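Working notes, structure below.
The values are calculated or read from the model by the stated rules, or taken from the named source; none is laboratory data. Computed from a predicted model, the values in this text were never measured in an experiment. Virtual Cβ from ideal backbone geometry, glycine too; neighbours counted across all protein chains shown. Heavy atoms of the whole protein, side chains included, go into the accessibility calculation; ligands, DNA and RNA do not. Shrake-Rupley method; radii C 1.70, N 1.55, O 1.52, S 1.80 Å.
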Amino acid sequence: MAKSKLGRGLNSLFTEPIEIEKTANGTETVTTLRITQIEPNKDQPRRTFDKEKTEALAASIKEHGVIQPIIVVKNKDRYKIVAGERRWRAAKMAGLKEMPVVIRDYTEQETAQIALIENLQREDLNPIEEAIGYRTLMNRFDMTQEAVSSTIGKSRSAVANSIRLLSLEDSIQSKLVSGEISSGHARALLSVGSSELRMALLDSIIEKGLNVRQAEALAKQLDTAKDKKTPPQVDEQLRAALDLVECQLSSYLGTKVSLIHTNKKGKIEIEYFGNDDLDRILKLISDKEII
């Protein structure tokens, strides 16, 4: 069994696996395996593979073959991919029956770490895949956030913030995976304590095309609004809805907006500064639907 490389830093974990091992006489130890002997790594952090990129790689493989061997470890009578699953998928798509591999003797922990690092180095992971990768290292191998950050080469706060994304609702995570919202938007959503308000804020971000700063400002207003004393005649669910509308109006109009509501009546107060600011607000109201 190969000596563990934990504690030897990012370079030893990432660069050594892709360096082709050489024998005493300097020849490369590249082995050819049947495609059917190779299986993907269930701990592979990347869950999605871009179809167009894979098809383009398959076309290249058809013409030139697999130029760089993939890295595998022996797993009983089969071989598990450590690095290079996209190449393996493309080779299958190209109709290859076999492909070149380099067989390494890694521990289970090293295999999981290298698979994560290889993708992180190439920025192949979406934010949720990255977070799942960190959580896998922590849960499966009893690693602390500090140990993960040291191994991956990122700050502990970056690892912690990444893992926090997994506490978001599945529907929000799916928007993050699809790219409809960014990690910055997701962090803004995390700052809102109510699930109902998070979902409403998500809708507002997508429908209004809010940038991260606008989303953060709206989230902050929602967070402030939750501390406001709710009149006894307004139930909490209605107050939450009013708070969201208040924040949406404030965000769009660029000024403070207050909704004062009772069971019988209510009013909207819009703050403005001078005639020019009033004209600006009136133009916004008349030009488009704001909620």
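I'd like the full set of residues that are within 18 Å of ASN211 (Cβ to Cβ) and either in contact with a Cys (Cβ under 8 Å, 6 or more places away or on another chain) or among the β-branched types (Val, Ile, Thr) (or both), limited to region 165-199.
ILE172, ILE181, VAL192
Looking only at region 167-199, count how many residues are touching a residue at least 12 places away in the same chain (Cβ under 8 Å) and not in a loop (DSSP other than H, G, I, E, B).
20
Out of the residues in region 115-127 that are at pLDDT 70 or above and open to solvent by 10 Å² or more (accessible area, probe 1.4 Å), which is nearest to the chain's Cα centre (by Cα)?
PRO127
Looking at region 251-268, I want the residues that are under 24 Å from ALA219 (Cα atoms) and in a helix (DSSP H, G or I) and have a partner that is open to solvent by 50 Å² or more (accessible area, probe 1.4 Å) and not basic (Lys, Arg) with Cβ atoms under 6 Å, at least 6 apart or on another chain. Which pairs are those?
Qualifying pairs under 6 Å: SER251/GLN214.
Return yes when GLU85 is acidic (Asp, Glu) and open to solvent by less than 30 Å² (accessible area, probe 1.4 Å) and no when it is not.
So GLU85 fits the description; yes.
Inside region 97-149, can you point out the residues that are touching a residue at least 40 places away in the same chain (Cβ under 8 Å), in a helix (DSSP H, G or I) and of a type in the set (S, T, N, Q)?
GLN109, THR111, GLN113, ASN119, GLN121, THR136, listed by residue number.
Does region 151-166 contain at least one residue that is assigned to a helix (DSSP H, G or I), more than 27 Å from GLY193 (Cβ to Cβ) and modelled with pLDDT under 95?
Checking region 151-166: at least one residue is assigned to a helix (DSSP H, G or I), more than 27 Å from GLY193 (Cβ to Cβ) and modelled with pLDDT under 95.
Residues of region 216-245 being open to solvent by less than 80 Å² (accessible area, probe 1.4 Å), at pLDDT 75 or above and either in a loop (DSSP other than H, G, I, E, B) or touching a helix residue (DSSP H, G or I) at 6+ places or on another chain (Cβ under 7 Å) (or both), which ones?
Listed by number, the residues that qualify are ALA217, LEU218, ALA219, GLN221, ASP243, LEU244.
Among the residues of region 261-271, write down those that are surrounded by 13 or more Cβ atoms within 10 Å (Cβ to Cβ) and at pLDDT 80 or above.
Once the filter is applied, which keeps residues that are surrounded by 13 or more Cβ atoms within 10 Å (Cβ to Cβ) and at pLDDT 80 or above, region 261-271 yields only ILE270.
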